1. So how strong a dipole does the range 21-400 carry about its Cα centre when Lys and Arg Cβ are +1 and Asp and Glu Cβ are -1, to the nearest 20 debye?
2. Ratio of alpha-carbon Rg to the 2.2 N^0.38 Å globular estimate for the range 145-235, to two decimals, please.
3. So what is the relative contact order for the chain, in percent, with contacts set as C-alpha pairs under 8 Å and at least six apart?
4. For the chain, what mean projected area does the convex hull of the alpha carbons give, in nm²?
5. Could the peptides 17-28, 265-276 be put in order, highest first, of the mean number of other beta-carbon atoms found within 10 Å of their residues?
6. Which of 388, 372, 207 comes first, and how do the rest follow, when ranked by fewest Cβ neighbours within 10 Å?
7. Which value, in Å³ per residue, describes the convex hull spanned by the Cα atoms of the range 184-292?
Amino acid sequence: MTTASVRLPAQFIHPFAPAGRADPYPAYRWLQANDPVHHDEASRLWLVTGHADCATVLRDPRFSAAQGQRERARDDALPTSMLTTDPPDHHRLRAPGMLLLGPAAVRALLPALAADVDRLLDRLAAAGRADAAAELGRPLATAVFARLFDLPPGELGRFETLARAASINLDPMVPPARAALGRTAATALTRYLDVHAADLTRRQAPSPLAALAADDRLARAEMLGILSLAVIGGWQPLAEAVGNALHTLLPDRAAVRRLAGADEEAARLAVDELLRLQAPIPFTARVTTEPVQLAGGPLPAGARVLAVLCAANRDPAVFAEPEELRLDRHPNPHLGFGGGPHFCLAAPLVRQVLALLLPRLLRRFPALTGPSGAPDWDQCLVPRRLRSFPLELNSALGEAC
Ligand code: HEM
């Protein structure tokens, strides 16, 4: 099979180039329309941008997640877990993961999480302004993990430092020196979780982590791999999802009012729409185990493929007026949580937590505004995140509302 030779026209900045990272969507849109299974010569990756093709990449067993993780840009693989394995090992690891993140575990945590959100908003009220990530997203993500892992209040700072440092390698294209720091932090995180899990077991303290640690279907290293994946794959995407969502939402004041008054079901729909438009995990990797013919073009065996989820999420073949925010979009088959066997195990938790936070935040601060001017997107490819997003909690808008 010959390598496709289609080139991105010069007026589009490559989505991985430093200047293209702030707004990768025009380039992805061009690829989706003109070369939906695109061989990117610079990275030697195949970029799959159509919704139907991305769904196939995520579901079809000829696309290996295990090899996709192993063949990331550098040798900094995520810990062994359900995300780094294919069937049948994948199912063996994912099934016990439900003890940590399944519906029963999530339901039991909701009252405590609602109280955590209220306390967080109380703290913000006192300050008057806040950065969406530093003062809202990160404390929220840490509070969620504190409940899942039963972390004592005195440990939250340490956990957050470890989680942040270990998240560096979510981005497969960070420079090698930073990647090395991320590897060291991931090792320290695993050691920390090991000691903490042993402590919970000794104290017989009930929590989702304690339930997972007690499950004899998993070897200790496997259990720790799942915990580390949850932190590395979940803490920062959840933290950054808050700023990404507010960046999309706040300019649309009618949508702000609608979400402020939304019931739980409407809030969950809104969360999905906000994740569709600014997916914190914009793509995920697979490797083909044999040649595959996708609707958008052929792939050879051994192809390193990126399912570009953020492009699929704006595919006009699936989403009417795909660039538009429609809080009540339904159905909304976005791929922000992936799809198929590796579908985000924490999707119900993430939806619930964001659906708890956003309406409460908007009711508490009806005149909440973000910064005017060009958004300050970080260079980091995964997760997609705003470097800063200062929020004015009681802006002059309040007088007009
Ligand atoms: C907004 C926040 C989040 C987003 C956008 C997100 C997105 C994703 C995506 C796209 C995948 C699929 C990756 C692939 O197919 O290669 C995934 C898998 C996963 N996520 Fe999330 N995630 C989020 C938060 C979390 C959190 C908070 C946790 C844990 C507490 C978590 C745990 C997992 C796990 C365990 C998997 C692997 C499932 C498997 O391989 O079977 N995620 N997530």
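1. My answer is approximately 540 debye.
2. So the Cα radius of gyration is 1.10 times the expected 2.2 N^0.38 Å.
3. Reported as a whole number, the value is 25 percent.
4. Directional mean of the projected Cα hull area for the chain stands at 19.1 nm².
5. 265-276, 17-28
6. Placing the least packed residue first, the sequence is 372, 388, 207.
7. Value for the range 184-292: 197 Å³ per residue.
Read-outs throughout are calculated quantities, based only on the coordinates presented, and are distinct from any laboratory measurement. Computed from a prediction, not measured in an experiment: that's the story for all the values here. No Cβ is skipped: glycine too gets one built from the backbone with ideal geometry, and neighbour counts run over all protein chains shown.
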